[in-house]
Number of protein chains: 2
Amino acid sequence: MQRLMTRFLLTLAASLLLAAVAHADDVLATVTSPDRQLTVTLQATGDGRLAYRVDRAGKPVVNASRLGLLLANAHQLDGGFKLVSQQTTDRDDTWEQPWGESRFVRDQHRELLVQLAQPGQGDRRMALRFRVFNDGIGLRYELPEQPQLPAARISDELTEFDIAEPATAWWIPAGEALVLEYVTQRTPLAEVGLANTPLTMRTRSGLHLALHEAALVDYASMWVRKVSGQKLRAQLAPSAIGAAVEKRGAFTTPWRTLRITPSAAALYESHLELNLNEPNQLGDVSWFKPGKFVGVWWEMHLERSTWHSGAKHGATTANAKRHIDFAAQHGFSGVLVEGWNVGWDGNWVGSQSAFDYLKPMPDFDLDNVAAYATAQGVKLVGHHETGGNVARYEQQMAAAYALYAQLGVEVIKSGYVTDTGTAQFASAGGGTHFGFTESQEGVRHMLKAVQDAAKHRLAIDTHEPVKDTGLRRTYPNWVSREGARGQEFNAWGDPINPVGHEVDLVFTRMLSGPMDYTPGIVSLDGARGRQLNSTQAKQLALYVALYSPVAMVPDLIEHYERWPKAFPFIKDVPTDWETTKVIHGEVGELATLARKDRRSDDWYVGAITNGSARRLTLPLTFLDPTRRYRAEISRDGDRADYRDAKRRFDLVVEQRTVRSTDTLPLKLAAGGGQAIRFVALPK
Amino acid sequence: MQRLMTRFLLTLAASLLLAAVAHADDVLATVTSPDRQLTVTLQATGDGRLAYRVDRAGKPVVNASRLGLLLANAHQLDGGFKLVSQQTTDRDDTWEQPWGESRFVRDQHRELLVQLAQPGQGDRRMALRFRVFNDGIGLRYELPEQPQLPAARISDELTEFDIAEPATAWWIPAGEALVLEYVTQRTPLAEVGLANTPLTMRTRSGLHLALHEAALVDYASMWVRKVSGQKLRAQLAPSAIGAAVEKRGAFTTPWRTLRITPSAAALYESHLELNLNEPNQLGDVSWFKPGKFVGVWWEMHLERSTWHSGAKHGATTANAKRHIDFAAQHGFSGVLVEGWNVGWDGNWVGSQSAFDYLKPMPDFDLDNVAAYATAQGVKLVGHHETGGNVARYEQQMAAAYALYAQLGVEVIKSGYVTDTGTAQFASAGGGTHFGFTESQEGVRHMLKAVQDAAKHRLAIDTHEPVKDTGLRRTYPNWVSREGARGQEFNAWGDPINPVGHEVDLVFTRMLSGPMDYTPGIVSLDGARGRQLNSTQAKQLALYVALYSPVAMVPDLIEHYERWPKAFPFIKDVPTDWETTKVIHGEVGELATLARKDRRSDDWYVGAITNGSARRLTLPLTFLDPTRRYRAEISRDGDRADYRDAKRRFDLVVEQRTVRSTDTLPLKLAAGGGQAIRFVALPK
């Protein structure tokens, strides 16, 4: 049973016009975290330019950093401000997620709302809202409806992040053709160029930071670029049709967020961005059930079959039914079939892309397959690959959703494969144009696809998406996305994913939300002789280490049959959690996560490492001290090693009875992992 | 007497369609420099993506780096190319500048023109043109008129520059509010963020590189951003109204250029960008006479008078005449008067900017002053400050030019002061919008201002300009510009220019073209107690070290009268040269330049240092060996030091008779310099 605790404390500060110009670095307002460790200070420099800084226990975390918006249609929202009023509000309540890494999320913060005016611009108004949590901060700009600015064309955002202490950064480049699908770079923070977010940092004194944004709605995605030293600035994904962001009337920007924690574990466990998102707008979403799905997919990446039509077409009625049988037999709830519809022949990426979202291929009897799935108690996972032709997709989307809803589909995997990072959008006045998928119009489209899907009780798993900024809170049918270099690169990548890639993801990509990484390739081989940088045990551990409410069991059926020892954990592991803890965490090195199943008393642990073998001790204090558990362990054998063609398959499956006062050894091979199911024994 | 030598060698390679796809890194074409030291290789990667690389004496200078253009209105010009034909042309001729650092410029290069087609895009055509000189390379894209691409909306340029050897970089940040007016940063190349050009580099083995562009016409200015490691990519200055670059029909991009030389001296002496510009289109420009000008200017920066009206208005009839008298007395050819026209009262920067380019202030009798100047044999230097309101300026420009032409003005100093890096442009369909001054529309405006001025026989000295890319060759009335942090920052900057700033400029900013730095503040003081980071001797040396055909003598009249020893060199030094040599050069450390006067047999030397005192030896081998010279030396005294309030004025003026076989000691104080006039004695 849950208790919601809500307590609001309103403090209204004096609302006088203060002269914010004339003195260098006047403090306008401050706000601290509930535990008083973090302080955010808003200041005005000599000409009324605004800056904020962040201190922790009296030491600078973020030096005085600029704020402001550059406009194309009016004088910039950048300087000449005066403080009109400030208001502080405390909040401490707990809300419940319909699905997720945790059931309950505590939202404890102090908020500062500052109203500002520009006398030199006819008293034009702007507000800054800061929310300070014990584990980080968020800030955003708010513009009211006002005759002084009926519309805002934002050409550049001036928000800066000047990190005070020398730091190491883990980041991916932005503005690139493959959007978010890049190997994580580890460099000194001063060597960041143009990066996407989350951008994870660790300072010399061990403080862990993650720069990101929350509630990205109807705005360009924020990249960050190095200005000088360790000073970064927001760079909005450009628009092909005008200013980066076009707004009418009142609006708020997304939250610019910075997680600030003393450890990698706390960095991961923070719910900062979720807490900054709007509450659930969809109401009851119990029609969506987290689960696992198999599919006609990996075989195409292995080049054994094709998406396009012909003798090797993968998406045939027979192959789909074979997978439905397999899913039904082993308790997987879904079957994905890619290549089912017309449009895969010829060049399906980019401007020639001509998918038909209603019309199956001749050798795929959609109605028959859907009915067969329903009869087996399995759901078809829909597939809407767009090839980046958003204009065409939007024309057919309503009908395509209606079709899927009628066929009993619950989850749709969508895709925006391009080789340029640009998609094709409809142009006002007819025709189309190419624009960045991360632009305001790309962001709009992807949310619209989710909102429209909700009307049909459809959940969306977006591939080649914009970044996750926590909108799953507001739209809990946005259940997962790709948004990083996934398992598919191990099939055909040049190079494939490096051995530390998944560990890197835990403390970067996975801070933003669920990822459909498609773990569980127990055969450990890609196409044309590629060998995954992974042991078999790590593939199992990934189901716990990389969270997704919908997780694929992607390998070929015959591969799971060939490796029966590796299968039970995959069958057992759930995808919806009561609570999550990070037991061991070191950015770029290792991660051990423990999660409690939401629907039973069982716990699951997944530990993964990079290229270094590890001996760790797993304390079991997270277990219920009143219970005993049967630990079902799938681990690297003593000779396991990802580099050896045989020994990477050295998987040991064993059992032990444990209590919360015990510890377990975690001996991880190079490129290895360990997966443990703790079955709660009857009391 | 000059001899023009022109020799063309045409080589037509086989024009067959080669399969550029299928193999990784196929070499499509190569071209070497005339001395065969530099090689540029064009290659195609697996999917027909294009890359170029540059080697010097067999060692990589630029690793295989990407080429391509991303379009908003069509499939990207990025991959799937096939080679259609290639053609190599040799050139070696010498052309003459009507004014400049040298009279004659040798253009010796080998050109490779590659015609490409994209079969997957209906055989759409694109060409790449490479020109390889002994001291660097240039490359550009060329699109023909073709039904496959009637218009090109360029949203991003994909040209990369992956510098092979670890290097140090000297750079200024781009996309900032003050455009080009920033202190030079010296960092490892890997720590560049978003930079403007020229971007100067020195590799570990001592190779000197400068990345820049030539012939920036009707295109967005190119910034460069770090991608990863030492790989930089072009980033076009964004547009507020559409794609970064909008084109119809056939077009060529600006040249992307890289000077590649073994020394700082050779880096400076290269004429790479000039040689890549189109020849003089204006014909005879002998109406423009290089010279020096005084003015009503520094007194406003010192806050002794104002631009705006009132009791302290600087631009009065009397004050202008006083300066005309001073100019006439000392042989200076021009007088600049700022604040002469209506519009300086109130907020003159940005959207409120309302200059009237025809109407003088009530206390400034324009006609009277102009006539007085003419009678004294001095020309009024016009002043068109726009406050960034380009839309308004363009409305009045024709009439304003006509007025100045009628009044005998020869040179106009224009200005685009903004505090955002954006200017106000007219919008299609009425109204205005703010856009970056470095955007395509900003670039268009600034060239149009110059082209229109030429019709009236007016020369332009642009302040707050776009970068110089050598267009003075094509439009020799574009005589100078600011485009860096100038002397004015020493009046009011926080901070003022650091002691190494001018040395930094020599090997960065000055590679692009003349700068109106306004050297010669012999009083060595700014406003409110600021002391220039300079000795008096350095102020004189700057007239030689920082080239401009129009150079200001900016200090207050009473200051030149107070420091008579510092004045003769300023009076003597010309501003138009026969030839220029760098005698000593070390980026960021020191520079000694020797220049021969175009109108006499005299030579001039200017040596400057940063905060380090130096003892150098000046070999005089540049002098005519058949002549004797009287060396008139203005140097730091033995106790001179820029940090000491008195000793910074320790200036020694002395004479010696010398021949080309002699050497002279150059003892430069910290923050100091030396200026020498070599008067050719009668034979």
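With contacts taken as Cα pairs under 8 Å and at least 6 residues apart, segment B:496-541 reaches a relative contact order of 43 percent. Residues of segment A:387-435 whose accessible area, computed with a 1.4 Å probe over protein heavy atoms, drops by at least 40 Å² once all protein chains are present relative to their chain alone are A:Asp419, A:Thr420, A:Phe434. In order along segment A:343-351, the Karplus-derived 3J(HN,Hα) couplings, from 6.51 cos²θ - 1.76 cosθ + 1.60 at θ = phi - 60°, round to x, 7, 7, x, 8, 9, 9, x, 5 Hz, and Gly and Pro are given as x. For a straight C-alpha distance cut-off of 25 angstrom, the lysines reachable from A:Lys683 (same-chain residues fewer than eight places away being disregarded) are A:Lys571, A:Lys581, A:Lys596.
Entry comment: accessible area of segment B:543-627 is 33 Å² per residue, from protein heavy atoms only and a probe of 1.4 Å. In sequence order, segment A:491-503 has phi-based couplings of 7, 9, x, 10, x, 6, 5, x, 5, x, 4, 5, 4 Hz under the Karplus curve 6.51 cos²θ - 1.76 cosθ + 1.60, θ = phi - 60°, and Gly or Pro positions carry x. Give, ordered by residue number, each residue of segment A:179-208 whose 1.4 Å probe accessible area is reduced by a minimum of 40 Å² on adding the remaining protein chains to the chain alone. Residues passing the criterion (a loss of at least 40 Å², heavy atoms only) are A:Glu191, A:Leu194.
Helix B:536-545: angle to the longest alpha-carbon principal axis of chain B, degrees 0 to 90, nearest 10? Tilt relative to chain B: about 40 degrees. Counts of other chain beta carbons within 10 angstrom of each beta carbon in peptide B:233-245 average 5.
For chain B, the Cβ-based charge dipole about the Cα centre amounts to some 1460 debye (Lys, Arg positive; Asp, Glu negative; other atoms uncharged). Show which lysines lie in cross-link reach of B:Lys667 when reach means a straight Cα distance below 19 angstrom and same-chain residues fewer than eight apart are skipped. Excluding near neighbours in sequence, the set is B:Lys538, B:Lys565, B:Lys646. Residues whose amide H falls under 5 Å from that of A:Ala152, counting only those 5 or more places apart or on a different chain, are A:Lys247, A:Arg248, A:Gly249, with hydrogens built in the peptide plane. Taking every C-alpha pair closer than 8 Å and separated by at least 6 residues, the mean separation divided by the residue count of chain B gives a relative contact order of 10 percent. What separates the Cα centres of segment B:504-542 and segment A:256-322 is a distance of 61 Å. Near A:Ser414, the amide H atoms lying under 5 Å from its own belong to A:His384, A:Asp461, A:Thr462, A:His463; only residues 5 or more places off or on other chains count, and H is placed 1.01 Å from N. Summing charges over all other residues whose Cβ lies under 9 Å from the Cβ of A:Ala44, with Lys and Arg as +1 and Asp and Glu as -1, gives -1.
Taken along the Cα-to-beta-carbon direction at a fixed 7 Å, the label points for A:Val342 and A:Asp35 span 6.0 nm.
What separates the B:Gly229 label point from its copies, with the point 7 Å along Cα to Cβ, is 2.9 nm, written shortest first.
Selection among B:Phe293, B:Ala370, B:Gly387 by position relative to the dipole of chain B gives B:Phe293 as farthest towards the positive end (Cβ unit charges, Cα centre). By how many degrees, between 0 and 90 and to the nearest 10, does the Cα long axis of helix B:440-455 differ from the longest principal axis of chain B? Tilt of helix B:440-455: around 60 degrees.
Remark: segment B:130-146, residue by residue, has Karplus-estimated 3J(HN,Hα) of 10, 10, 10, 9, 5, 10, x, 9, x, 9, 8, 9, 9, 10, x, 5, 7 Hz, where x stands for each Gly or Pro and the curve is 6.51 cos²θ - 1.76 cosθ + 1.60 at θ = phi - 60°. Accessible area per residue was computed with a 1.4 Å probe on protein heavy atoms; B:Tyr182 scores about 50 Å². Calculated [222 nm] ellipticity per residue, helices only, for the protein assembly as shown: -4500 deg cm²/dmol; basis is -39500 (n - 2.57) per DSSP H run with n ≥ 4, divided by all residues, nearest 500. Take every Cα pair under 8 Å whose residues are at least 6 apart in sequence, average their separation, divide by the length of segment A:480-621, and the relative contact order is 24 percent. An oblate overall shape is assigned to segment A:134-186, the ratio a/c of its alpha-carbon gyration tensor axes (a ≥ b ≥ c) being 1.5 or greater and a/b not exceeding b/c.
The B and A chains share an interface that buries close to 3100 Å² of accessible area, total over both sides, probe 1.4 Å. Given axes a ≥ b ≥ c from the Cα gyration tensor, I'd like to know whether segment A:192-282 is rounded (a/c under 1.5), prolate (a/b larger than b/c) or oblate. Verdict is oblate for segment A:192-282.
Ranked from shortest, the separations from the 7 Å Cα-to-Cβ label point of B:Ala645 to its equivalents in the other copies are 8.2 nm.
Taking all protein chains together, B:Lys683, B:Lys467, B:Lys379 sort by accessible area into B:Lys683, B:Lys379, B:Lys467, largest first [probe 1.4 Å].
Ignoring lysines fewer than eight residues from A:Lys359 along the same chain, the ones with Cα atoms less than 21 angstrom from its Cα are A:Lys312, A:Lys321, A:Lys379, A:Lys413. Relative to the longest principal axis of chain B, what angle (0 to 90°, nearest 10) does the C-alpha long axis of helix B:366-375 take? So the inclination is approximately 80 degrees. Between A:Lys667 and A:Leu616, the built amide H atoms are under 5 Å apart, and every one of these is 5 or more places off in sequence or on another chain. Here chain B has 50 percent of its accessible surface on carbon and sulfur atoms, given a 1.4 Å probe and all protein chains in place.
In segment A:34-82, burial by the other protein chains removes 10 Å² or more of accessible area from A:Arg49, A:Arg66, A:Leu70, A:Leu71, A:Ala72, A:Asn73, A:Ala74, A:His75, A:Gln76, compared with the chain on its own (1.4 Å probe, ligands and nucleic acids ignored). Each copy carries A:Asp284; placing its label point 7 Å along the C-beta direction from Cα gives inter-copy distances of 9.2 nm, listed from smallest up. Looking at segment A:38-155, the accessible area is 30 square angstrom per residue; that uses a 1.4 Å probe and ignores ligands, DNA and RNA.
The values are calculated or read from the model by the stated rules, or taken from the named source; none is laboratory data. Just so you know, these numbers come straight off a predicted model, no measurement behind them. Glycine gets a Cβ as well: all are built from the backbone with ideal geometry, and neighbour counts include every protein chain shown. The accessibility values were calculated without ligands, DNA or RNA, using every heavy atom of the protein model including side chains. Shrake-Rupley method; radii C 1.70, N 1.55, O 1.52, S 1.80 Å.
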